[in-house]
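Novice: Pasting a structure below so you can have a look.
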Amino acid sequence: MVDSSGSERGGWLGRGRGKVILCGEHAVVYGHPALAAAVTLGTEVRLRAETGPTRVLEARADPRLEAALSVLLPAEGLGVEIDSTLPVGRGMGSSAALCVALARAELARQGRRPSPGEVADLALAGDRAFHGNPSGVDTTVSAMGGVLRFQRGAEPRALPGPRGWRLVVLDSGVAGHTGALVAQVAAARPGVDPHLARLGALSDLAAANLDDLGVIGEIFNEAHARLRAVGVSTPALDHLADFARTHGAVGAKLSGAGGGGVVIAAVADSGDLLRAASEAGLTAFACDIAAPEPP
Ligand code: PMV
């Protein structure tokens with residue numbers, strides 16, 4: 001989203017979507033495909049012309065954020081306002097959404113109308129400040145919207161949004177640390193490689209069966225079991241996945257790097273699961289997949 005006025009008085013706006021990984025997290029780091037969906041939650045950034053060094057206008061003591069700003073914005077002359085509806089550190093792509101929003105706002109400031117692909121490339125440079133060596137799935141799906149098959153070294157493929165089911169997100173309330181989890185999986189190789197390969201194959205199976213809730217549910221359940229075998233689940237995430245399955249979800253899996261974060265559940269109707277979660281004191285919400293961004 002770009003401030004149509006483009007004026008200095010209103011500042012320059014950019015928006016980035018959050019995301020969930022439907023299948024293939026961690027596997028995607030090693031060249032296997034992943035399936036990811038942008039969600040309607042996200043982050044908005046407004047840049048304002050200011051004197052002095054570029055800075056975030058409200059106090060935020062995150063050195064990684066400072067590093068991302070230094071990659072994406074000029075060193076001098078901008079104030080940055082950030083407004084986000086995404087939970088932070090839950091595997092829903094908050095850092096990628098922020099970097100996409102910053103990239104869009106900065107490109108708008110330069111008077112450019114970039115394609116989603118250009119936004120994704122610039123945002124990935126910023127997201128490296130957060131996660132070391134991200135695969136790019138988060139920034140790509142955040143910039144492009146919709147549902148994407150993503151594989152390193154291949155063109156991302158947009159898929160039509162699923163019909164006949166929806167997602168419920170259950171939040172463990174615990175932050176996961178993507179960089180540490182990715183390093184943990186690297187240390188567990190080559191023993192975990194068969195699980196990673198299978199997770200990649202499940203991504204393509206899910207891509208081919210996106211409208212079939214029964215198949216998607218089975219894929220979610222197997223993907224969760226594989227991620228647990230890889231070592232990135234936690235007892236809390238296992239509990240949330242079991243809870244979802246026993247309260248109306250056809251399938252459930254952790255989504256994102258793990259070690260905390262969220263579980264996503266595939267449901268025909270979100271009512272039963274949301275009611276049960278609320279009665280059990282769990283944080284859960286229905287989550288809509290965002291439309292693709294215009295080219
Ligand atoms: O940022 P998260 O927690 O959604 O994790 C991203 C997915 C990983 O595959 C674990 C890492 C990556 O760079 O693809």
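The values are calculated or read from the model by the stated rules, or taken from the named source; none is laboratory data. Since we're looking at a predicted model, the values are computed, not measured. With ideal geometry, Cβ positions are generated from the backbone for all residues, glycine too; neighbour counts draw on all protein chains shown.
Novice: Among residues belonging to the range 121-138 that are within 20 Å of Ala37 (Cβ to Cβ), outside any helix (DSSP H, G or I) and not polar (S, T, N, Q), point out the one that is modelled with the highest pLDDT. Reasoning before the result, please.
Specialist: So in the range 121-138, the residues within 20 Å of Ala37 (Cβ to Cβ) come out as 123-124, 127, 131, 134-138.
Imposing the further condition that a residue be outside any helix (DSSP H, G or I) reduces the set to 134-136.
Next, from what is left, pick out any that are not polar (S, T, N, Q): 134, 136.
On the way: Pro134: 87, Gly136: 94.
Top of the filtered list is Gly136.
Novice: Being at pLDDT below 95 and under 14 Å from Gly14 (Cα atoms) is true for just one of Pro87, Pro63, Pro114. Which residue is that? Break it down into steps so the answer makes sense when it comes.
Specialist: On the way: Pro87 fails: under 14 Å from Gly14 (Cα atoms); Pro63 fails: under 14 Å from Gly14 (Cα atoms).
Pro114 is the lone residue from the list that is at pLDDT below 95 and under 14 Å from Gly14 (Cα atoms).
Novice: Which numbered condition in (1) touching a Ser or Thr at 6+ places or on another chain (Cβ under 7 Å); (2) within 15 Å of the ligand (Cβ to nearest atom); (3) hydrophobic (A, V, I, L, M, F, W, C); (4) in contact (Cβ under 8 Å) with a residue 40 or more places away in the chain is the only one that Ala129 fails?
Specialist: (1)
Novice: Oh, and also: Given (1) modelled with pLDDT under 95; (2) within 13 Å of the ligand (Cβ to nearest atom); (3) not hydroxyl-bearing (Ser, Thr, Tyr), identify the lone condition not met by Ala34.
Specialist: The single condition Ala34 does not satisfy is (1).
Novice: Still on this model: Got a sec? Which of Val168, Val141, Val174 is under 28 Å from Ala229 (Cβ atoms), modelled with pLDDT of 95 or more and in a helix (DSSP H, G or I)? So that I can check it myself, show each step before the final result.
Specialist: Values: Val168 fails: in a helix (DSSP H, G or I); Val174 fails: in a helix (DSSP H, G or I).
Answer to the selection: Val141.
Novice: Do you know which residues across the range 257-273 are touching a Gly at 6+ places or on another chain (Cβ under 7 Å), within 16 Å of the ligand (Cβ to nearest atom) and outside any loop (DSSP other than H, G, I, E, B)?
Specialist: Val262 - this is the single residue of the range 257-273 that is touching a Gly at 6+ places or on another chain (Cβ under 7 Å), within 16 Å of the ligand (Cβ to nearest atom) and outside any loop (DSSP other than H, G, I, E, B).
Novice: Give the residue, chosen from Leu254, Leu196, that is under 25 Å from Thr85 (Cα atoms), outside any loop (DSSP other than H, G, I, E, B), in contact with a helix residue (DSSP H, G or I) (Cβ under 6 Å, 6 or more places away or on another chain) and within 16 Å of the ligand (Cβ to nearest atom).
Specialist: Numbers: Leu196 fails: under 25 Å from Thr85 (Cα atoms).
Result: Leu254 is the single residue among Leu254, Leu196 that is under 25 Å from Thr85 (Cα atoms), outside any loop (DSSP other than H, G, I, E, B), in contact with a helix residue (DSSP H, G or I) (Cβ under 6 Å, 6 or more places away or on another chain) and within 16 Å of the ligand (Cβ to nearest atom).
Novice: Tell me yes or no: at least one residue of the range 235-244 is among the aromatic types (Phe, Trp, Tyr), under 24 Å from Val147 (Cβ atoms), touching a helix residue (DSSP H, G or I) at 6+ places or on another chain (Cβ under 8 Å) and more than 16 Å from the ligand (Cβ to nearest atom).
Specialist: Start the filter on the range 235-244 by keeping residues that are among the aromatic types (Phe, Trp, Tyr), which leaves 243.
Among the residues that remain, those that are also under 24 Å from Val147 (Cβ atoms) are: none.
Checked against the condition, which is being among the aromatic types (Phe, Trp, Tyr), under 24 Å from Val147 (Cβ atoms), touching a helix residue (DSSP H, G or I) at 6+ places or on another chain (Cβ under 8 Å) and more than 16 Å from the ligand (Cβ to nearest atom), the range 235-244 yields no hits at all.
Novice: I need the full set of residues from the range 274-295 which are of a type outside the set (Gly, Ala, Ser) and not in a strand (DSSP E or B), in order please. Lay out the reasoning, then the answer.
Specialist: Going through the range 274-295, the residues of a type outside the set (Gly, Ala, Ser) turn out to be 274-275, 279, 282-283, 285, 287-289, 292-295.
Listed by number, the residues that qualify are Leu274, Arg275, Glu279, Leu282, Asp288, Glu293, Pro294, Pro295.
Novice: Restricting to the range 87-120, give me the number of residues that are outside any loop (DSSP other than H, G, I, E, B) and away from the ligand (no atom under 15 Å from the Cβ). Talk me through it step by step, then tell me what you get.
Specialist: Start the filter on the range 87-120 by keeping residues that are outside any loop (DSSP other than H, G, I, E, B), which leaves 94-109, 116-120.
Adding the requirement that they be away from the ligand (no atom under 15 Å from the Cβ) leaves 101-109, 116-119.
So the count comes out to 13.
Novice: I've got another one for you. Whether any residue in the range 161-168 is within 16 Å of the ligand (Cβ to nearest atom) and either within 17 Å of the chain's Cα centre (by Cα) or farther than 20 Å from Ala249 by Cβ (or both) is what I want to check. Break it down into steps so the answer makes sense when it comes.
Specialist: Our first condition is that a residue be within 16 Å of the ligand (Cβ to nearest atom); within the range 161-168, this holds for 167.
Then drop every residue that is not either within 17 Å of the chain's Cα centre (by Cα) or farther than 20 Å from Ala249 by Cβ (or both), which leaves 167.
Yes, that holds for at least one residue.
Novice: So, one more: Take the conditions within 15 Å of the ligand (Cβ to nearest atom), within 15 Å of the chain's Cα centre (by Cα) and closer than 30 Å to Ala277 by Cα and apply them to Thr178. Does it pass? Don't jump to the end; show me each part of the working.
Specialist: Details: within 15 Å of the ligand (Cβ to nearest atom): yes; within 15 Å of the chain's Cα centre (by Cα): yes; closer than 30 Å to Ala277 by Cα: yes.
So Thr178 passes the test.
Novice: Ala101 passes all but one of (1) touching a helix residue (DSSP H, G or I) at 6+ places or on another chain (Cβ under 7 Å); (2) under 23 Å from Pro292 (Cα atoms); (3) at pLDDT 95 or above; which number fails?
Specialist: (1)
Novice: Show the residue pairs meeting these rules: Cβ distance below 8 Å; 6+ apart or different chains; first residue within the range 13-27 and over 23 Å from Gly217 (Cβ atoms) and of a type in the set (Lys, Arg); second residue at pLDDT below 95 and within 8 Å of the ligand (Cβ to nearest atom).
Specialist: From residues that are over 23 Å from Gly217 (Cβ atoms) and of a type in the set (Lys, Arg), the pairs are Arg17/Gly93.
Novice: Quick test for you: out of Ser135, Ser172, Ser115, pick the one residue that is polar (S, T, N, Q), out of contact with any Ser or Thr (no Cβ under 9 Å at 6 or more places or on another chain) and more than 25 Å from Leu210 (Cα to Cα). Let's see the steps before the verdict.
Specialist: Details: Ser135 fails: more than 25 Å from Leu210 (Cα to Cα); Ser172 fails: out of contact with any Ser or Thr (no Cβ under 9 Å at 6 or more places or on another chain).
Result of the check over Ser135, Ser172, Ser115: Ser115.
Novice: Here is a further query. If you go through the range 171-226, how many residues are more than 14 Å from Ala34 (Cβ to Cβ), touching a strand residue (DSSP E or B) at 6+ places or on another chain (Cβ under 7 Å) and not hydrophobic (A, V, I, L, M, F, W, C)?
Specialist: Result for the range 171-226: 7.
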